[in-house]
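Here it is: the structure, laid out below.
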Amino acid sequence: MQDQLKVALIQSDLVWENPKQNRKNFSEKIDNILKEVDVIVLPEMFTTGFTMNAETVAETMDGKTVAWMQKQASKVGAAMVGSLIISEDNAYYNRLIFVEPSGAITTYDKRHTFTLAGEDKVYSAGIEKIIINYKGWKICPLICYDLRFPVWARNVENYDALLYVANWPKPRVLAWDTLLKARAIENICYTIGVNRVGLDEEQNEYSGNSAVYDVLGNAITTIKPNREQVEVVTLDRNHINFYRNKLKFLDDKDKFTLK
């Protein structure tokens, strides 16, 4: 068990529906991370951008991108996490994939598909909340639109960190900033949000605003909006334990069952 977890956030532009070029671009960024890290976080649909053309660019779990993630994780000795389009059992999923240096894989399928963009018409929604145990840290991984639904993120598992990967458009970025902070405060956990930058093929603009918030809602990152940037941040278990023991807010949470 580690008292600290070092997380690298990669805020990047994405090449539309071009997995090969996106893998190349991220390989270069990963190679330039000069610090030792435990987890490297990429945006939502990091190989394609937020496309509804699943039939054209979907991969399988034994495809090139998952193999690339395993190779990168093994090479740098850090877990790799991001979402991509996966075809499985005659359905498409916006699937977050967490790959450990050992090659072990944990997956989470996006629960709340984004109806405003028609994601619900193309992708099957996930039904299971996942908690990843990595180096003694309990991480709850979620995807973009999931951020708007606090009940799904509710900390009933005593997790240490929420992790969101996203393609969250610039016009609604205030909601992104506000809700990331709120999730940290209400769940007394670190909250990590990695969003893309740039302009996609549908003329949606993304400003990034990637950040990490501590359990009191303080931003502990300095990533600038509207630019590609990599930042490494250290999560400290003592910070979580101190405030959970002092405030004990999670002890007073309502008890109910989510169906």
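The values are calculated or read from the model by the stated rules, or taken from the named source; none is laboratory data. Note that the structure is a prediction, hence the values are computed from the model and not measured. Because the Cβ atoms are built from the backbone with ideal geometry, glycine has one as well, and the counts that use them run over all protein chains shown.
Across the range 182-196, which residue is nearest to Tyr213 (Cα to Cα) among those that are charged (D, E, K, R) and either in a loop (DSSP other than H, G, I, E, B) or out of contact with any Ser or Thr (no Cβ under 8 Å at 6 or more places or on another chain) (or both)? Let's see the steps before the verdict.
Here is the first cut: in the range 182-196, the ones charged (D, E, K, R) are 183, 186, 196.
Then keep just the ones that are either in a loop (DSSP other than H, G, I, E, B) or out of contact with any Ser or Thr (no Cβ under 8 Å at 6 or more places or on another chain) (or both); that gives 186, 196.
Values: Glu186: 12, Arg196: 18 Å.
Among them, the one singled out is Glu186.
Something else: Could you please give the count of residues in the range 143-170 that are free of Cβ contacts under 8 Å to residues at least 40 places away in the same chain, within 18 Å of Thr113 (Cα to Cα) and in contact with a helix residue (DSSP H, G or I) (Cβ under 7 Å, 6 or more places away or on another chain)?
Result for the range 143-170: 5.
So which residues in the range 67-78 are touching a strand residue (DSSP E or B) at 6+ places or on another chain (Cβ under 8 Å) and either closer than 16 Å to Arg23 by Cα or of a type in the set (S, T, N, Q) (or both)? Steps first, please.
Keep residues of the range 67-78 that are touching a strand residue (DSSP E or B) at 6+ places or on another chain (Cβ under 8 Å), which gives 69-70, 72-73, 76, 78.
Those that are touching a strand residue (DSSP E or B) at 6+ places or on another chain (Cβ under 8 Å) and either closer than 16 Å to Arg23 by Cα or of a type in the set (S, T, N, Q) (or both): Met69, Gln70, Gln72, Ala73, Val76.
Among helices (runs of 4 or more DSSP H) lying entirely in the range 1-119, which contain 3 or more residues that are surrounded by 17 or more Cβ atoms within 10 Å (Cβ to Cβ)?
On the way: elements: 19-31, 54-57, 64-76.
The helices (runs of 4 or more DSSP H) meeting that bar are 19-31, 64-76.
Which condition from (1) among the small types (Gly, Ala, Ser); (2) touching a strand residue (DSSP E or B) at 6+ places or on another chain (Cβ under 7 Å); (3) over 26 Å from Ser207 (Cβ atoms) is the one that Ala54 breaks?
With (1) among the small types (Gly, Ala, Ser); (2) touching a strand residue (DSSP E or B) at 6+ places or on another chain (Cβ under 7 Å); (3) over 26 Å from Ser207 (Cβ atoms) applied to Ala54, the lone miss is (3).
I'm checking my understanding of the structure. Among residues of the range 135-152 that are of a type outside the set (Val, Ile, Thr) and in contact with a strand residue (DSSP E or B) (Cβ under 6 Å, 6 or more places away or on another chain), which one is nearest to Met1 (Cα to Cα)? Spell out the reasoning first.
Residues of the range 135-152 of a type outside the set (Val, Ile, Thr): 135-138, 140-142, 144-150, 152.
Within this subset, residues satisfying the condition of being in contact with a strand residue (DSSP E or B) (Cβ under 6 Å, 6 or more places away or on another chain) are 137, 140-142, 144, 147.
On the way: Trp137: 7, Cys140: 17, Pro141: 19, Leu142: 23, Cys144: 29, Leu147: 28 Å.
Here the residue is Trp137.
Next question, about the same structure. Answer yes or no: is there a residue in the range 220-227 that is in a strand (DSSP E or B) and modelled with pLDDT of 95 or more. Outline the logic, then answer.
Going residue by residue through the range 220-227, those that are in a strand (DSSP E or B) are none.
No, that holds for no residue.
Considering only residues that are within 18 Å of Asp13 (Cα to Cα) and hydrophobic (A, V, I, L, M, F, W, C), look in the range 191-231 and name the one that is farthest from the chain's Cα centre (by Cα).
The residue in question is Leu199.
So in the range 101-125, with the set limited to residues that are within 15 Å of the chain's Cα centre (by Cα) and not β-branched (Val, Ile, Thr), which one is nearest to Glu157 (Cα to Cα)?
Ranking the candidates gives Tyr108 first.
Residue pairs, Cβ under 6 Å, 6 or more apart or interchain, first in the range 197-210 and under 12 Å from Pro171 (Cα atoms), second surrounded by fewer than 18 Cβ atoms within 10 Å (Cβ to Cβ) and hydroxyl-bearing (Ser, Thr, Tyr). List them.
Matching pairs, first to second residue: none at all.
For the range 10-22, name all the residues that are more than 21 Å from Ser207 (Cα to Cα) and touching a helix residue (DSSP H, G or I) at 6+ places or on another chain (Cβ under 7 Å).
Within the range 10-22, just Pro19 meets the criteria.
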